[in-house]
Amino acid sequence: MTLTDAASAAAGSVAADKSAKIFVAGHRGLVGSAVVRRLQNVGYTNLILRSHTELDLTNQAAVKTFFSIEKPQYVILAAAKVGGIHANSTYPADFITVNLQIQTNVIDYAYRYGVKKLLFLGSSCIYPKHAPQPIPESALLTGPLEPTNEWYAVAKIAGIKMCQAYRIQYKWDAISAMPTNLYGPNDNFHPENSHVLPALMRRFHEAKVTGAKEVVVWGTGSPLREFLHVDDLADSVVFLLENYSGLEHVNVGSGKEVSIKELAELVKEVVGFEGELVWDSSKPDGTPRKLMDSSTLAKLGWEPKISLRDGLVGTYQWYLNNVKQ
């Protein structure tokens, strides 16, 4: 299927019916909450939302009952067990089992109970540790994974393949999107378990509040990373739901790289920390470069709108309003 075919096949589906029943699985997380905001902003009025206490997606019987009663027309699967390197290394069984259970239950019962279309969300960690840069969709399964998060990655790869298998065998419209590093409202600002951007924001804020003279950051600051505001991702999710129907998963990135040093300086400026920024070069840098090739999505007609600076300003404001010190 060409990009044109994919776009025309999906056109006029969910977009034509703003009252369609849409189940957003994982609506309280970073991604799911942004997807809900976006759907509401563009006029969708019939969203089905369930917290973990209301619906345990790892419980097969509960998921079956939910789909049999609610019968949503569209599903956005943003629910997952997520965490950083420490969590992945400590709880590998949880990361592979919980994510496989969630995906298998939701995808299978969505198909069985007549869902018209499902969008599965993965992560850039699905790609090989030494994938070509920028990383094209075709790099999937071409080499060994990053060992520190392979349990999560294997589960997400299984989710992509499950969507493809149901499309091939049942001609069912299941698609997958793979976002790059995300940030924004509802991010995890935990001191130990957060990713680099929210971790930097919290440390600079706490240093400003306590009047610290310096903030020490691991590494040399030279690695290049790509960041996408979660509201841009949510916009792309709605775009794909309305405009894409194809076998291949689709990368979603900003296409812009920033060094960790540039990122730290920018976060420092946004937060207003006036002390010194010290680099501990005895600590590891990690992968030198990690950039997604998002040209497939660009050819379909979507591009991000939120600059890194503007996104950081909004995220810091959210942090001040919502995160307890």
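Rule-based calculations on the coordinates, nothing more; no lab input. Because the structure is predicted, anything quoted here is derived from the model rather than measured. Glycine also receives a Cβ, built like all others from the backbone with ideal geometry; neighbour counts cover every protein chain displayed.
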Residue (of Asn322, His229, Ala177) at the positive-pole extreme of the chain, dipole from beta-carbon charges: Ala177
By count of other Cβ within 10 Å, fewest leading, how are Val36, Val24, Val278 ordered? Val278, Val36, Val24
Contact order relative to length of the stretch 92-223, as percent, for alpha carbon pairs under 8 angstrom and 6 or more apart: 25 percent
For Val250, what residues show an amide H to amide H distance below 5 Å, using hydrogens built from the backbone and excluding near sequence neighbours? Ser176, Ala177, Met178
C-alpha long axis of helix 196-210 to longest principal axis of the chain, angle in °: 40 degrees
Need the full-extension length gain, Glu276 to Lys208, defined as separation in residues times 0.36 nm minus the C-alpha distance. One decimal, nm. 23.4 nm
Among the lysines, which fall within straight-line cross-link reach of Lys171, defined as a Cα-Cα distance under 23 Å, with same-chain neighbours fewer than 8 residues apart omitted? Lys21, Lys64, Lys71, Lys116, Lys117, Lys156, Lys161
With at most 13 neighbouring Cβ atoms within 10 Å, loop GluC sites (Glu not before Pro) (DSSP) excluded, longest segment of the chain: 55-191
Stretch Leu247-Ala16 to full length: gain in nm at 0.36 nm per residue minus the Cα-Cα span? 80.9 nm
Principal-axis tilt of helix 150-170 within the chain, Cα atoms, nearest 10 degrees: 20 degrees
Can you tell me the orientation of helix 308-322 relative to the chain, as the angle in degrees between its alpha-carbon axis and the longest Cα principal axis, to the nearest 10? 90 degrees
What does the charge dipole of the stretch 8-136 about its Cα centre add up to, to the nearest 20 debye, if the Cβ of each Lys and Arg holds +1 and the Cβ of each Asp and Glu holds -1? 280 debye
Starting from the Cα of Arg289, step 7 Å toward the Cβ, then list every residue of the stretch 112-147 with an amide N under 13 Å from that point. 131-136
Once the dipole of the chain is set up from charges on Cβ (+1 Lys and Arg, -1 Asp and Glu), the residue from the list Asn188, Gly311, Ala93 lying farthest towards its positive end is Ala93
Please list 3J(HN,Hα) in residue order for the stretch 228-241, calculated via the Karplus relation 6.51 cos²θ - 1.76 cosθ + 1.60 where θ = phi - 60°; whole Hz, with x for glycine and proline. 10, 5, 5, 5, 5, 4, 4, 4, 5, 4, 5, 4, 5, 4
In terms of Cα to Cα distance under 18 Å, which aspartates and glutamates are near enough to Lys256, apart from those fewer than 8 places away along the same chain? Glu137, Glu226, Asp231, Asp232, Asp235, Glu265, Asp293, Glu303, Asp310
